[in-house]
1. Rounded to the nearest 0.05, what FRET efficiency do residue 54 and residue 83 give with R0 = 22 Å and r taken as the Cβ-Cβ distance? Could you check?
2. Starting from the coordinates of the alpha-carbon atoms of the chain, obtain the Kirkwood hydrodynamic radius over all distinct pairs and give the value in Å to one decimal.
3. Given 0.36 nm per residue, what is the gain on full extension from residue 140 to residue 123 after removing their alpha carbon distance, in nm?
4. On full extension of the chain, what length is gained from residue 8 through residue 93, given 0.36 nm per residue of separation minus the C-alpha to C-alpha distance?
5. Pick from 108, 99, 72: which is most flexible by mean-square fluctuation in a GNM of the chain where alpha carbon atoms under 10 Å apart are linked?
6. In a Gaussian network model over the chain where Cα atoms closer than 10 Å are linked, find which of 55, 39, 133 has the largest mean-square fluctuation.
7. Can you give the FRET efficiency for residue 17 and residue 130, using 1/(1 + (r/R0)^6), R0 = 30 Å, r = Cβ-Cβ distance, to the nearest 0.05?
8. Find how much the distance from residue 67 to residue 32 grows on full extension, using 0.36 nm per residue of separation minus their present alpha carbon separation; answer in nm with one decimal.
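What follows draws every value from the coordinates through simple rules; no lab data is involved. All values reported here derive from a predicted model rather than from experimental measurement. Note: ideal-geometry Cβ built from the backbone for every residue, glycine included; neighbour counts use all protein chains shown.
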């Protein structure tokens, strides 16, 4: 993950680290407690405060409802983007071809960059969640699209 770090300031680096740590801790907690993950978002305000956006959860919701929850997260972030430094939208995904589950973390920063991270996981009965190696590529700017910059 070094290349993106070289192109942004220390505040943006710290914001990314903070959001990833917060999001992954919540993911592990939710998967351990309920065995499933409903989409949510986390953000850092200009003043450094953090907050969560958690659309209504219903166990066993179909993908269409999960997609609606993701859209709800992005809508809420877009409305507040003038007061935010960074945001992440978190959702559960299926790894096609690998027959496994993963968490997708769509992270954006107001400095003008976006990262798409995938964190594979396995639920281990009686032991919680086992995380696999994370992968990262450039992401899409949704909360701060180029047209809003």
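1. Given R0 = 22 Å and the Cβ-Cβ separation, E is 0.70.
2. Values: mean 1/r = 0.0634 Å⁻¹.
For the chain, inverting the mean 1/r across all distinct Cα pairs yields 15.8 Å.
3. Details: separation 17, 0.36 × 17 = 6.12 nm, distance 2.88 nm.
Here the answer is 3.2 nm.
4. Numbers: separation 85, 0.36 × 85 = 30.60 nm, distance 2.84 nm.
Extra length from residue 8 to residue 93 when fully extended: 27.8 nm.
5. Among 108, 99, 72, the largest mean-square fluctuation in the Gaussian network model of the chain belongs to 99.
6. Looking only at 55, 39, 133, the biggest GNM fluctuation is shown by 133.
7. Working: r = 22 Å, r/R0 = 0.73.
The computed FRET efficiency comes out at 0.85.
8. Gain on extension, residue 67 to residue 32, equals 10.4 nm.
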